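Visitor: Have a look at the structure that comes next, please.
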Amino acid sequence: MALTAVRVVVAGAAAGAVVALDEPLSFWGGYSAEHGTITDEHHPQTGVSLTGCIVVMPGGRGSSSASSVLAEAVRLGTAPAALLLHRPDEILATGSLVARELYGTTVPILVLDDAAYARAAAADRVELSATGALTIR
Amino acid sequence: MARVTLHLTDDDAAALAGEAGEAGALAMRIVTGLAETMGATRLLSIEGAHIDSCLYHGRSGIDFAERLVDGDARVSVPTTLNVSSLDLLHPDLYKGPETEAAASRRLMQLYEAMGCEPTWTCAPYQLATRPGFGQHIAWAESNAIVFANSVLGARTHRYGDFIDICAAITGRAPAAGLHLDEHRRGDVLFRLRGVSDALLDHDVLAPVLGYLIGTEVEDHVPVIDGLPSPTPEHRLKALGSAAASSGAVGMFHVVGVTPEAATLTDALGGRPPDRTVDVGPEDLRRARDALTTAATDDRPLGAVSLGTPHYSVAEFARLVELLGDRRIDPGVACFVNTARAVLHEISLRGWVDRLESAGVQIVTDTCTYITPVMGEIHGYALTDSAKWAHYAPGNLGIDVAFGSVDDCVESAVAGRLVRQDALWR
């Protein structure tokens with residue numbers, strides 16, 4: 001099934017298994033760039049690995065340092081393959097843009113509408129084209 | 001999908017083309033890249049910046065700052081620096097690996113080399129000069145962002161690491177998000193219902209209410225009706241920092257208190273709220289309880305941490321008053337985080353000697369939840385900060401209890417948890 005993103009925040013091709021998060025995640029104070037896992041004790045999915053996964057989540061939380069943690073995860077190869085969000089998050093977008101400048105690789109970020117978000121969250125696997133087209137498997 | 005076009009001025013375009021040097025071009029690429037993702041049609045000029053990127057999270061932070069410094073980057077507006085991983089005034093407190101300390105120091109030096117002021121505080125709004133009403137700024141650090149927008153009436157979007165320094169170098173930011181009137185109006189109304197006067201008059205309400213609101217609204221702009229007018233700044237600080245931890249709140253209004261909320265109608269921008277949430281004592285108790293991860297019955301109190309965000313002079317005054325001539329129990333490690341500028345002011349008042357001789361350790365330039373300064377904690381840690389309570393379990397791997405500053409002082413003196421539960425009934 002093909003879906004269209006409401007907004008391509010940071011473009012890039014990616015494919016992977018879907019991990020749908022029940023709550024927003026702050027990458028700083030909530031994600032280990034070293035291990036690629038959720039470390040936020042208040043998050044229902046604490047301990048889950050996101051490395052190489054298509055992460056479907058409502059959005060980020062507060063911390064400004066989330067940009068740094070995302071860029072560091074890209075450097076260490078522990079980042080998600082892509083982020084599919086319900087609402088835009090400029091702090092995550094910045095981390096992804098800077099990773100591209102520094103390391104030539106990035107975490108694509110798309111914002112989805114209600115219907116597309118629900119479908120992506122329920123999917124097993126998602127593929128993203130470089131132009132932001134989504135295919136759900 | 002509708003595309004909007006970002007229109008650049010001649011100066012913006014020249015910077016992007018590299019006429020201001022390689023670092024200027026890199027900084028402008030990041031600013032324009034973010035502007036495009038935000039759907040901005042233009043950039044606007046900023047009058048100040050606050051940088052969060054100086055806190056070390058790994059090699060990528062240094063790689064980026066080195067690219068800028070190697071390209072001769074200089075900030076073009078007054079720029080303050082957030083906390084780092086090191087307390088430069090109390091270096092012996094650091095108990096982490098020397099390689100990390102060296103990397104942190106290197107990152108701090110790189111940001112100073114670009115002309116940023118070594119303020120090392122997460123509460124730049126407590127410095128002698130701070131942004132005025134209506135001024136456009138580019139601030140990172142979630143609690144500072146929400147304070148600047150809500151309490152000062154300055155205008156900054158929720159900026160993260162990297163974009164902060166890029167905006168400071170270019171002096172430009174996307175004309176989007178919380179810079180614009182249309183995104184500053186409140187859209188979710190919180191009405192306090194049945195909350196006792198005792199709780200309304202107590203410092204402990206603000207962080208708990210903020211934590212509850214952040215969970216409810218994510219990135220919307222909440223309006224709070226029912227807090228006393230005036231509400232002191234340290235409570236608004238606690239409310240905002242909590243809401244920006246549990247949610248992505250960049251601005252809130254308190255009716256009759258904050259500068260863009262003289263009336264409920266002003267706060268809502270003349271429109272009805274999208275949603276109204278009544279908050280009663282039971283909701284507040286639940287939010288308070290969510291901040292405690294420790295089983296406090298069968299474990300000892302090992303530490304107390306105050307000052308997240310950095311304590312102000314007014315908060316130190318309250319601490320000194322509550323402590324009186326008593327001492328901290330020797331089994332409890334007691335820390336207060338603050339800015340070096342505030343440390344200077346309170347030392348002139350004689351409070352530093354007084355607190356230190358009572359067993360209180362003051363930490364500057366950094367914070368107890370981002371760097372190993374607390375040492376091994378025998379038991380759980382108690383805090384008056386919802387932000388600290390939210391992040392410390394994940395960051396430090398410890399259990400946390402939340403209480404008011406009164407609870408924290410009484411517990412630190414007694415060496416066991418003493419909480420005023422009557423306030424919450």
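Visitor: Rounded, prolate or oblate: pick one for the stretch A:21-68, where a ≥ b ≥ c are the square roots of the eigenvalues of its C-alpha gyration tensor, a/c under 1.5 means rounded, and failing that, prolate if a/b is larger than b/c, else oblate. Numbers along the way, then the final one.
Guide: Values: a/c = 1.26, a/b = 1.08, b/c = 1.16.
Judged from the Cα gyration tensor, the stretch A:21-68 comes out rounded (a/c under 1.5).
Visitor: Evaluate the Debye formula for the stretch B:292-420 with equal point scatterers sitting on the alpha carbons, no solvent, and hand back log10 of I(q)/I(0) at q = 0.17 Å⁻¹, in q order, two decimals.
Guide: -0.80
Visitor: Checking a compactness column here: for the protein assembly as shown, what do you get for Rg(Cα) / (2.2 N^0.38 Å), N being the number of residues? It would help to have the intermediate numbers written out before the result.
Guide: On the way: Rg = 22.5 Å, N = 562, 2.2 N^0.38 = 24.4 Å.
My calculation over the Cα atoms of the protein assembly as shown gives 0.92.
Visitor: Another question, then. Which one, B:Thr366, B:Leu343, B:Gly24, projects farthest toward the positive side of the charge dipole computed for the protein assembly as shown from Cβ point charges (K/R +1, D/E -1)?
Guide: Most positive-ward Cα: B:Gly24.
Visitor: Now, a different point. Counting each pair of different Cα atoms once, what's the Kirkwood radius of the stretch B:10-182 in Å, rounded to one decimal? Walk me through the intermediate numbers first.
Guide: Numbers: mean 1/r = 0.0616 Å⁻¹.
That comes to 16.2 Å for the stretch B:10-182.
Visitor: Full extension from B:Ala113 to B:Asp72: what is 0.36 nm times the residue separation minus their Cα-Cα distance, to one decimal in nm?
Guide: On the way: separation 41, 0.36 × 41 = 14.76 nm, distance 0.93 nm.
Here the segment from B:Ala113 to B:Asp72 would lengthen by 13.8 nm.
Visitor: From the phi of every residue in the stretch B:85-94, what ³J(HN,Hα) in whole Hz does the Karplus formula 6.51 cos²θ - 1.76 cosθ + 1.60 yield, where θ is phi - 60° and glycine or proline is x?
Guide: Each residue of the stretch B:85-94 in turn: 8, 10, 9, 5, 7, 10, x, 5, 5, 6 Hz.
Visitor: Can you tell me the Rg and Dmax of the stretch B:349-425, counting just the alpha carbons, in angstroms?
Guide: 13.5, 38
Visitor: Helix-derived [θ] at 222 nm for the protein assembly as shown: sum -39500 (n - 2.57) over DSSP H runs of at least 4, divide by residue count, nearest 500? Numbers along the way, then the final one.
Guide: On the way: 19 runs with 192 residues, N = 562.
Taking each H run of at least 4 residues, the total per residue is -10000 deg cm²/dmol.
Visitor: Now, a different point. Pick from B:Arg155, B:Arg172, B:Arg286 the residue whose mean-square fluctuation is largest in a GNM of chain B, springs joining Cα atoms under 10 Å.
Guide: Between B:Arg155, B:Arg172, B:Arg286, it is B:Arg286 that shows the largest mean-square fluctuation.
Visitor: Still on this model: Size of chain B along its principal axes in angstrom, Cα-based, largest extent first?
Guide: Between the extreme Cα coordinates on each principal axis of chain B lie 65, 55, 39 Å.
Visitor: Out of all DSSP beta bridges with both ends in chain B, state the antiparallel percent to the nearest 5. It would help to have the intermediate numbers written out before the result.
Guide: On the way: 3 of 39 bridges.
For chain B, the DSSP antiparallel bridge percentage is about 10.
Visitor: Take the Cβ-Cβ distance between A:Ala17 and B:Arg299 as r, set R0 to 41 Å, and report the resulting FRET efficiency rounded to the nearest 0.05.
Guide: Values: r = 39 Å, r/R0 = 0.95.
Once rounded, the FRET efficiency stands at 0.55.
Visitor: Something else about it: What residue among B:Thr32, B:Thr292, B:Thr129 shows peak mean-square fluctuation when chain B is described by a Gaussian network model with Cα springs under 10 Å?
Guide: Sorting by GNM fluctuation, first place goes to B:Thr129.
Visitor: How big is the dipole moment of chain B about its Cα centre under a simple scheme where the beta carbon of each Lys and Arg is +1, that of each Asp and Glu is -1, and everything else is neutral? Debye, nearest 20, please. Kindly include the intermediate steps, with their values, before the conclusion.
Guide: Values: 35 positive and 56 negative charges, 75 e Å.
The calculated dipole for chain B is roughly 360 debye.
Visitor: Right, here's the next one. Specify whether the C-alpha gyration tensor of the stretch B:186-289 places it in the rounded, prolate or oblate class, a ≥ b ≥ c being the square roots of the eigenvalues: rounded for a/c under 1.5, otherwise prolate if a/b is larger than b/c and oblate if not. Show your work: numbers first, answer last.
Guide: On the way: a/c = 1.39, a/b = 1.22, b/c = 1.14.
In terms of gyration-tensor shape, rounded.
Visitor: Work from the charge dipole of chain B (Cβ charges, +1 for Lys and Arg, -1 for Asp and Glu, about the Cα centre) and give the residue of B:Ala244, B:Tyr94, B:Leu323 farthest towards its positive end.
Guide: B:Ala244
Visitor: Roughly what angle does helix B:22-37 make with the longest principal axis of chain B, taking Cα atoms, 0 to 90 degrees, to the nearest 10?
Guide: Computed tilt is about 80 degrees.
Visitor: Right, another one. Based only on Cα atoms, what Rg/Rh ratio does chain A have, Rh being taken as Kirkwood's radius? Before the final figure, lay out each step's value.
Guide: Numbers: Rg = 13.1 Å, Rh = 14.2 Å.
Reported Rg/Rh, Kirkwood definition of Rh: 0.92.
Visitor: Would you calculate the separation in nanometres between label points at A:Thr131 and B:Glu356, each defined as 7 Å from the Cα along the Cα-to-beta-carbon direction?
Guide: Going by the 7 Å Cα→Cβ label model, 6.6 nm.
Visitor: Another one. May I ask you to evaluate 6.51 cos²θ - 1.76 cosθ + 1.60, the Karplus curve with θ = phi - 60°, for each residue of the stretch B:356-368 and list the ³J(HN,Hα) values in order in whole Hz, giving x for glycine and proline?
Guide: Per residue, the Karplus-derived 3J(HN,Hα) values read 5, 6, 8, x, 8, 9, 8, 10, 10, 6, 9, 8, 5 Hz.
Visitor: Within the protein assembly as shown, what percent of beta bridges assigned by DSSP are antiparallel, to the nearest 5?
Guide: 30 percent
Every number in this text was worked out from the coordinates using simple rules, so none of it is lab data. All values reported here derive from a predicted model rather than from experimental measurement. Glycine also receives a Cβ, built like all others from the backbone with ideal geometry; neighbour counts cover every protein chain displayed.
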